[in-house]
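Asks: Submitted below is the structure of interest, expressed as C-alpha cells.
Just so it is clear, none of the values below were taken in a lab; they were calculated from the coordinates. If you're wondering where the values come from, they're calculated on a predicted model, not measured in any experiment. Reconstructed Cβ throughout: ideal geometry from the backbone, glycine too, with neighbour counts over all protein chains shown.
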Amino acid sequence: MTTTAIGTHLLTHRYGSHAALSDLTLDIREGEIFGLLGHNGAGKTTTVSVLTTLLRPSEGTATVAGYDVKREPRKVRAAIGYLPENVTFYNDLTTAENLSFFAELSGLRKPGARISEVLEFVGFTGHDRERVGTFSKGMRQRVGLAQALLHRPEVLFLDEPTSGLDPEGVRALRELIVRINDEWGTTIFMNTHLLSEVTKTCTSIGILRSGRLVHHGSLADTVGAFPTDDALERAYFASAESDAA
Amino acid sequence: MSGVLTAARHELLTSARAKSPYMLVAAFLGMVAASTFIGWRTTVTVSAIYDRVVADGLTTQPNPFTDVSALYYVRNTVIYVLLIGSLMAAALGVQSALRDRKASTAALVLTRPVSERAVRAGRLLGIGAILAILVVVTSVVTWVSVGAIVGHALTATQTLEVASFGALTWVLLMGFAAVGVASGMVFPRERTALLAPVVLWAVIAFVIPQLGTAARPVSLLNPVPLPAQGSGAFGWLSQIMAPFSITEHFKTASAALLESPYTGSAVASAAVVALFTLIALAAALVVRAARIEGGSHE
C-alpha cells in the first residue's frame, strides 16, 4: 500500500485577478512518475512553483512528502529536488563548486563523496573541475539533475527537463529519469508539453488546460481508452474538447 | 548559521572568479597612489616656490608645509572613497543581488531548506570580507607610500589613525554595498538596479549638503568638510539635513582621523556614518525581492 507523495485539494494560484491555476486536486502516490501535460501557459510551471514552495497558494491545500507547503515550507524543501527549465548555473564556477554550494545549502557537510556519487549516476564523471560556462545545454541539464539529487530527495520536480535538448540528449535524460525512479524509488513530477515524453517515461498523467486539470489517471488507463498508435494524442485533444464543451 | 557561512564562502568564490573585485583593487590602489602622489607633488611645488620667494626676500613667514602632518598626503583619499569607492561598492552589491537571476539559479537557492534571509546575510558577509581585504591592502599601501614620501615610518599613533580611517572607509563602503544589494533585490533590470544607488549617492553627496550650505557642487569634491550655515533658511535647513549628509559626516570623521582641520563632533559624524550603514544593511536584509522565477513565500 503506497502513500500519497503529492496531494493537492482545490489548489488555486492567482497573479492579481488572473487565476493561473484553479481548483487543482491531485493524488500522486509514492514511486510514481507523474507527467503534467499542457499547452504553453496552461499553468504547469505555476503548479510546480506552488508545490516547490516558490509561490504561495491563493487558495486550497497541498502536501509534498507529507508536509504542508503553506505551513511547513522548509520541511517540503528538505524533501524535494528541483530542476527548473533553462537553468544555467554560476558560469565562473566548476561543476564541483556549483554542486558543493547547493549541497551545503541542503545541509550536507563535506559533500565531496556524494557529489562524485551523483555525478557518476548521471554519467558526468571527469567534468567536476571544468567551468560550467563552457558546457552545452545537455551537459548543464546533467549538472542540474545532479544538483537536484544531491540530498536524496523523496520527490523530484522537473520542469520541461528535455526542453532544448537534441534527440540524443532527450533519450539520455529520459533513461536517467526512469533509472532514478527504479533504483532510488524517487517520486517524480514532470512538466512537459511533449506527449512522446510522457508515453515513454511516465506511469500516470494529468492534463492541464488554462489552469484547470481536465484529465488525471494512469498512463495505461488513458492509453487504453484510445487503443491506437496515437492514443495519448487522442486523449489529450479529447480532454481539451470536452473541457471546451 | 551554516547557510550564512555557505553563502558567504560562495560570494567570495564567485567574486574572486569574476573581474569586478580585481578592477576594484586596481582602482583603489590607483586612488591611494594618486592621492599620495598629488600630496607629495603639491608639497614639492609649494616648497620650491617658497624657497624662491624666501631667496628673493619677499617673505619671512614659515613654509606652510613645514609642520604639516604626514597624514596630509592621505587627505585626497577621502574624496576618492566618496566618489569612486562608494559607487564601486554599490555596483558590487548589485552584482551580488542579481547573480542568481543572471544564472537562473534563484529557484534552486529558494527551494533549499535555508531561509532566504540567511543566504542574503551570507552574501553581505562575503561582500564585507571582500571590502575588508580591499581596505586592508589600501591601508598598507598608504602606510608604506606615505612613509616613503616623508622619509620615515609613521608613528604608532599615525598608524592607528590610518587603520581607523580604513575601518571608517569599510563602514561607509558596506553601507553603499548594502544599498546596492537592496536595489538589486527590488529592481530586476540591471540598468535600473545600478542607477538607483547612483541617484541615492548623488542626493547624499551633492543635493543634501547643498540644501544646508548653499555650497557650489565643485566645493563638495573637496576633502575638507563644509561649515554649515548658521542663519537664515540655510541655517534651519542645515540642521534638518545634517543627519542625512552622510558624505559630509564621513569627511568630518576622516579629517579628525587624518589630523586635518574640521568643525563639529568627529564621534557624532562617525556614528551617523555607522547608522547609515546599519539602516542600509537592515534594508538589504528585509526588502522583498522582485519576482522573477518566483520568490520564496516563507
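Asks: Compute the acute angle (0 to 90°) between the alpha-carbon long axis of helix B:20-55 and the principal axis of greatest extent of the alpha-carbon atoms of chain B; round to the nearest 10°.
Replies: 10
Asks: Right, something else. If one takes the longest principal axis of the Cα atoms in chain B, at what angle in degrees, from 0 to 90 and to the nearest 10, does the Cα axis of helix B:2-17 lie?
Replies: Once rounded, the angle reads 60 degrees.
Asks: Rounded to the nearest 0.05, what FRET efficiency do B:Phe37 and A:Ser116 have when you use their Cβ-Cβ distance and R0 = 56 Å?
Replies: 0.60
Asks: If neighbour count is taken as other Cβ atoms inside 10 Å, put A:Leu51, B:Leu154 in order from fewest to most.
Replies: Lowest to highest Cβ neighbour count: B:Leu154, A:Leu51.
Asks: Can you check how the C-alpha radius of gyration of chain A compares to 2.2 N^0.38 Å, as a plain ratio?
Replies: 1.01
Asks: Taking the number of other C-beta atoms within 10 Å as the exposure measure, put A:Thr199, A:Thr222, A:Thr53, B:Thr192 in order starting with the fewest.
Replies: With the fewest neighbours first, A:Thr199, A:Thr222, A:Thr53, B:Thr192 line up as B:Thr192, A:Thr199, A:Thr222, A:Thr53.
Asks: Then there is this: Using R₀ = 60 Å, calculate the FRET efficiency as 1/(1 + (r/R₀)^6) where r is the Cβ-Cβ separation of A:Arg56 and B:Val54; round to 0.05.
Replies: 0.15
Asks: Pairs of Cα atoms under 8 Å, at least six residues apart: use those to get the relative contact order of segment B:99-178, whole percent.
Replies: It comes to 34 percent, rounded to a whole number.
Asks: Counting pairs of Cα atoms in the protein assembly as shown, how many percent are more than 36 Å apart?
Replies: So the portion of pairs separated by more than 36 Å is 47 percent.
Asks: Only helical DSSP H runs with n ≥ 4 go in: add -39500 (n - 2.57) per run for the protein assembly as shown, normalise by residue count and round the 222 nm mean residue ellipticity to 500 deg cm²/dmol.
Replies: Calculated at 222 nm, the ellipticity per residue is -18000 deg cm²/dmol.
Asks: Pop the C-beta distance of B:Gln61 and B:Val140 into the FRET formula with R0 = 45 Å and round what comes out to the nearest 0.05.
Replies: Plugging the Cβ-Cβ distance into 1/(1 + (r/R0)^6) gives 0.75.
Asks: Can I ask one more? Against the longest alpha carbon principal axis of chain B, how many degrees, from 0 to 90 and to the nearest 10, is the axis of helix B:232-241 turned?
Replies: Helix B:232-241 sits roughly 50 degrees off the main axis of chain B.
Asks: What does segment A:179-222 give for Rg and for Dmax, in Å, if only its C-alpha atoms count?
Replies: 11.4, 35
Asks: Something else now. If you average 1/r over all unlike Cα pairs in chain B and invert the result, what Kirkwood radius do you get in angstrom?
Replies: Value: 20.7 Å, from the Cα pair sum.
Asks: Need one value for A:96-103: mean number of C-beta atoms belonging to other chains within 10 Å of its residues' C-beta atoms.
Replies: Across the residues of A:96-103, the mean count of other-chain Cβ atoms within 10 Å is 4.
Asks: Can I ask one more? Label 7 Å along Cα→Cβ of A:Phe237; segment A:184-221 residues with amide nitrogen under 16 Å?
Replies: Answer for this model: A:194-196.
Asks: Continuing with this model, one more query. For A:67-74, what's the mean count of beta carbons from other chains sitting within 10 Å of each residue's beta carbon?
Replies: Other-chain Cβ atoms within 10 Å of each residue's Cβ, averaged: 2.
Asks: Also, quick follow-up: Note down the net charge around A:Glu120, summing +1 for each Lys or Arg and -1 for each Asp or Glu among other residues with Cβ under 14 Å from its Cβ.
Replies: Around A:Glu120, the surrounding residues sum to 0.
Asks: Next question. If I build a Gaussian network model for chain B, linking alpha-carbon pairs within less than 10 angstrom, which residue out of B:Met241, B:Met23, B:Met88 has the largest mean-square fluctuation?
Replies: Highest fluctuation among the options: B:Met23.
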